Each structure stands twice: as structure tokens, then as C-alpha cells.
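Computed from the coordinates by the stated procedures, all read-outs in this text should not be read as laboratory data. This structure is a prediction, so every number in the text was calculated from the model and none was measured. Here the Cβ positions follow ideal geometry from the backbone for every residue, glycine too, while neighbour counts run over all protein chains shown.
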Amino acid sequence: MPAFNEEATILESIDRVLAQSFVAELIVVNDASTDNTAGVLATLDDPRVRVMSHGVNQGKGAALRTGIQAATQDYVGIQDADLEYDPADLAKLLVPLETGRADVVYGSRFLTGDAHRVLYFWHSVGNKMLTLASNVFTNLNLTDMETCYKVFRREIIQDTPIQENRFGFEPEITIKMARKNVRIYEVGISYSGRGYAEGKKIGWKDGVSAARCLLKYSWKERGNGLQGQL
């Protein structure tokens, strides 16, 4: 769980994650928050929770890199510190992994009939364009490349170098999973997105950065078996 200035939501997010019976370990990475996120984390008293901290703010990708390498359980999932995603949905993502069908599972906000908060039209357009571009480069047929919810077999994600420090993690990891030719599944999930007044951080500049990352890693991985055939 990467966290930057999430004092208003992080405790409830953690409680929701720990309420899931399958959660054996939660690694929270405080990415040099300037609010009281560190103070909230200091109140936690659950043996399943490990708090790690960055001295300097580095971005979501860097926080994920720190947390992923510290993970010890069979499966590694990503959970943001806000309340946009419902941790109960993670149980659905685990099914293809536990039944031996998948190596990676994405939680799609579009491949579902579950409840969704109605928010920004242009965000949805940008998301779909980035997912389409990703599919062109990888030959996958994902519906939601930019989703936060991704669960991996630990040995696969820990063996994958993560270079992007910020929101470029999503396209980078998708291209690198396609390069590995692993079995990728999608499962529909619910979504309760935040508005900017509620603390949403991602904007159009992050979309431009994601497009740059798609081009960058598609080029870098072209000679490394990037096939996208599952």
C-alpha cells in the first residue's frame, strides 16, 4: 500500500484490507508524507502490518518497488491508501491464481456490472485510449490497463525490475508482464473514484507520462521476447 498525504483515509483503508480473511501481510510504504499520515500509521497495532518509510518523496512506483521487494507471501497485490477500491474484491482476483490458471490478475473497472461512481468523462476516454495503445504494443486484450488492482505471483513480480518512480508503473509493468509471456486474467471489480476536492492526485500530465512509458518500454523490450500471447 503506497501512501502519500492520505491521513484522512489511510486508517479506514487499512482496516478494510485487514478485515479480509485471506490477508496475511500488509506492507504500507509512507512516501515522505507531509501531513499526519506517519502519525496515523504509528497508532497501528496489528502483527500483519509492516510500515516502511521513504525519507524523500519519490512517487507511487518507487513506493511499490519498496513494498514489493519486502513481500513474503505467495501472492502480492496492490492496494491504494484511498477508498476508491474495495478490498473485498481482491478475493475475486485471487481465484484464478489459487486455481493455477493465472500468474497475474488485473481488476477491471469496465469488465463488470458492479457499482461505479460516475465521475470524469475525459478520464475514462484517456484510460481507454491508453489501454488500447497498451494492447497494440503487447497484443493483449485488456480492458483496464491503468487499474490499481493487480495481483501477482510473488516470484514473478519480485523478478521484474521496476524503474518508474511515479504513475508510469502501470504501463511499465503491463509491458514487462507481456514480455514474460505470463498468464494474465481480468476480473470485474467495483469502483468508487474520488474527485479532486477529495484528494485525487492523478491528472492529464500523468496520462502523458503513461503514453511516454508505453513507447519507452515497448522500444526497450522489443528484443526481449515481447509477444503478449497467452
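Within region 2-220, count lysine pairs with alpha carbon atoms under 13 angstrom apart where the residues are 8 or more positions apart or belong to different chains. Please report the intermediate quantities before stating the final value.
On the way: Lys60/Lys201; Lys92/Lys150; Lys176/Lys216; Lys176/Lys220.
So the count of such lysine pairs works out to 4.
Highest first, please rank the peptides 36-42, 209-215 by the mean number of other Cβ atoms sitting within 10 Å of their residues. Could you put the intermediate results ahead of the total?
Details: 36-42: 16.6, 209-215: 19.0.
Result, highest mean Cβ count within 10 Å first: 209-215, 36-42.
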The chain - mean residue ellipticity at 222 nm from DSSP helices (-39,500 (n - 2.57) per run, n ≥ 4, rounded to 500): -11000 deg cm²/dmol
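Hydropathy at least 1.0 by Kyte-Doolittle, axial extent at least 30 angstrom from the Cα trace: which helices of the chain, defined as entire DSSP H runs, fit?
On the way: long enough: none.
The qualifying helices: there are none.
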field: Dipole of region 2-220, positive direction: furthest Cα of Val28, Thr66, Tyr185, with charges on the beta-carbon
entry: Tyr185
- request: Take the chain, compute every pairwise Cα distance, and split them into 10 Å bins from 0; I just need the percent in each bin.
  value: 8, 34, 40, 17, 1
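Summing +1 for each Lys or Arg and -1 for each Asp or Glu, what net charge is found among the other residues whose Cβ lies under 12 Å from the Cβ of Glu155? Provide the component values of the computation, followed by the final result.
Details: positive: Arg153, Arg154, Lys180; negative: Asp74, Asp103, Asp159.
Within the 12 Å Cβ shell, the charges total 0.
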- request: Taking 7 Å along the Cα-to-C-beta vector as the label spot, tell me the Ala91-Asp74 distance in nanometres, rounded to one decimal.
  value: 1.7 nm
